[in-house]
1. Using r as the Cβ-Cβ distance of A:Lys258 and A:Lys148, and R0 as 22 Å, what FRET efficiency do you calculate, to the nearest 0.05?
2. Which value in nm describes the separation of the simple spin-label points at A:Asp319 and A:Asn115, placed 7 Å from the Cα toward the beta carbon?
3. Going through the stretch A:39-74, which chymotrypsin sites (Phe, Trp or Tyr not before Pro) have at most 12 other Cβ atoms within 10 Å and a DSSP loop state?
4. Ranked from the most accessible area to the least, with a 1.4 Å probe and all protein chains present, what is the order of A:Met346, B:Met123?
5. When only C-alpha pairs under 8 Å and at least 6 residues apart count, what is the relative contact order of the stretch B:1-131, in percent?
6. Going through the cross-link list A:Lys181/A:Lys258; A:Lys38/A:Lys141; A:Lys141/A:Lys195; A:Lys268/B:Lys109; A:Lys31/A:Lys99; A:Lys210/B:Lys16, which pairs have a Cα-Cα distance over 24 Å in this structure?
7. For chain A, what proportion of DSSP beta bridges, expressed in % and rounded to the nearest 5, is antiparallel?
8. Could you do me a favour and compute the accessible area per residue for the stretch A:252-354, 1.4 Å probe, result in Å²?
Amino acid sequence: MERVIAFPLMGNYYVPSSFLFSKISDCEILKPPPITSKTIELGSKNSPDFVCTPFKYTLGTYIECLEMGANTLIQMGGGCRYGYYFELQQKILSDLGYKFEYFNLVSMGHADLKNIYKIIKKINPKLNKIKSLYYFCLTIKMVKYMDKVEDYIRQNVAYEEEKGKLNQLFDSMLDDFNMVKTFIGLNRVYHKYKKLIESVKLNKPKNNIKIGIIGELYTLMEPFANNNLEHLLENYGVEIKRFTNVTYLLFEKGKKTKKYLKKLDNVKYKMGADAMDNIYYTKYLIENNYDGIIHIKSSFCTPEIGNMGIIGKMCEESDMPVLFISTDTNTSNVGFETRIEAFYDMIEMRKKNG
Amino acid sequence: MDKCYLGVDIGSISTKGVIIDEKYNILSQNYIWTEASPISAVKELISTLSIPKGYKLSGIGTTGSARKLIGLMLGANVVKNEIICHAYGTLNYYPDCKTILEIGGQDSKIIIINNGIITDYAMNTLCAAGTGAFLSSQSKRIGVDINDFGSLALSSKNPVKIAARCTVFAESDLIHKAQLGYKKEDIVAGLCKSVVLNYLNNVGKGKKIKEPIVFQGGVSKNIGVVKYFNEILNTKVIVDDNSHLMGAIGAAILSSKESSDKEYNLNMNEINFETKGYECKGCSNNCEIVRIIKDGKLIDSFGNRCERGTIAK
């Protein structure tokens, strides 16, 4: 049986993950269909009703991929309910009658290289240790570059003179990343596009509105899950700061959380998943004179519910506007847009009147 | 010729319209039921509003849940969300107001204002309990006209307790109490009180409600609800005579701020507007694309999530 690998979608991270698997295995890699309302329908039909939304999204994508012929599914697990997705989804999918193998690369948020190697060895028994390590490092570098460029775009895309230019360049950078074979090649592509992207003409006003978006990781990173929040804000001409990305979650979180914890007086321990991190980000955004904070999460996300009280209090004390949004599998975004529009108008009004 | 401005607030239950002059005095106003057809409601509304002699219409603002559709239909120069419009409208009459409580047909909101600037707001997210729609559906059940609801509630000396958490619980509580033989006025008073409690627990949760407090939206016309707001907040909330029109007034004020020399006319009756739904087959999202057709010509469409659903004008 030939293996066909599939993994769930989240933002643009399909590119590096498919790159890695195409290099370290000779299996076919299935590109999951874009998330649509059908995906969510499939996912929520087969999920427990009160599970968090990313579970439903990823389950829906798995079902679609299995229908398209995938037989090897890859999942990761974080430090909250996300850590149990693997077991539960495996059970649900087998009960539905699908035949597949299911691998969990990251257990409870710890990217353990040895464990990952063991799993990949199972997928590809002919795996060469040195070669896989090489491509693993190359992919990490690629993710880091991607996140760096995306950060820059988030800050500036609202102000570009020629609309759509930055995203267009970013897309072709991702295309070129797919062709890369070595570190030298990757660096060359990155620096070429970095130059191009930084030379895109911007009309950035001095006193522009800056909003930080924090919250639960999947809803933050998958545009379909957050009703295209970033795009909506861009249209209002807002500079966006988002801290959560894969670079942070997989490679920096371990070290940084300790640092963050020391800097916070009101938190004594990590609160599960990114709850404490988001409290630190709130502090950062307040201290760096941002104009507003949007906290977005999937419904029933327990760690984020835990930090909402503290974040609300911090914002109240420092007179920082904050908007809390929960999303579920609803796809109508009229009410969502009204809230974001009002939040923007409120900030603009505050800013104008000093 | 003096300039005047039209503001239209098209809510789920009622449609409100005002015409104001440059000093924001109301020249003409009306309040009618939307009855689930905003286009004909607005046509009717417009036909009853009159521009006094010596004035020319220099701006149109729309707000409310059908603001986009009606904005297109009227060619409005401002289409704004309800929160901002309510704040602008209220601040015009009560410049030192600190809290706006608003309960409408489908949604309710709280707006916190500091020195004339909105500093915080919240809208009901999860539940329609504590809105006008809940009150009017229950009034039918009890057989009391919604207009008499407030005065009946005031006559109660012993309001029954009704769960304020959610409409389903509230309704089953209400039926039980009714079957136990409680008086109608006590039940009505209990309902009014539950609306207030639900509002303060849901929308007003965690918000600092400071005086002066202005209460508006359709439900503010219910004196029973006003009474319980006063009782529970232990203060006196302000209810303006035009409390139901504040959103429309705000929209008109906003349109005056962005008006140009262009003159608008209100001859709507001969023009035929139509909304046609259309399911985009570009992908499995099946976006419902709304097309607005004016006299057989497509003037705009919305509802698509990506370029595939864009229809050329």
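The values are calculated or read from the model by the stated rules, or taken from the named source; none is laboratory data. All figures in this text were calculated on a predicted structure; none of them were measured in a lab. Don't worry about glycine lacking a Cβ; one is built from the backbone with ideal geometry, like all the others, and counts go over all protein chains shown. Just so you know, the surface numbers come from the protein's heavy atoms only, side chains and all, with ligands and any DNA or RNA stripped out. Shrake-Rupley method; radii C 1.70, N 1.55, O 1.52, S 1.80 Å.
1. Values: r = 23 Å, r/R0 = 1.06.
After rounding, the FRET efficiency stands at 0.40.
2. For A:Asp319 paired with A:Asn115, the spin-label model returns 4.8 nm.
3. Values: sites: A:Phe50, A:Phe55, A:Tyr57, A:Tyr62; in loops: A:Phe50.
Counting only loop positions with at most 12 other Cβ atoms within 10 Å, the chymotrypsin sites (Phe, Trp or Tyr not before Pro) in the stretch A:39-74 are A:Phe50.
4. B:Met123, A:Met346
5. Numbers: 256 pairs, mean separation 25.3, N = 131.
Relative CO of the stretch B:1-131 lands at 19 percent.
6. The answer is A:Lys181/A:Lys258; A:Lys38/A:Lys141; A:Lys268/B:Lys109; A:Lys210/B:Lys16.
7. Details: 2 of 26 bridges.
The antiparallel proportion sits near 10 percent.
8. With all protein chains present, the stretch A:252-354 gives 47 Å² per residue.
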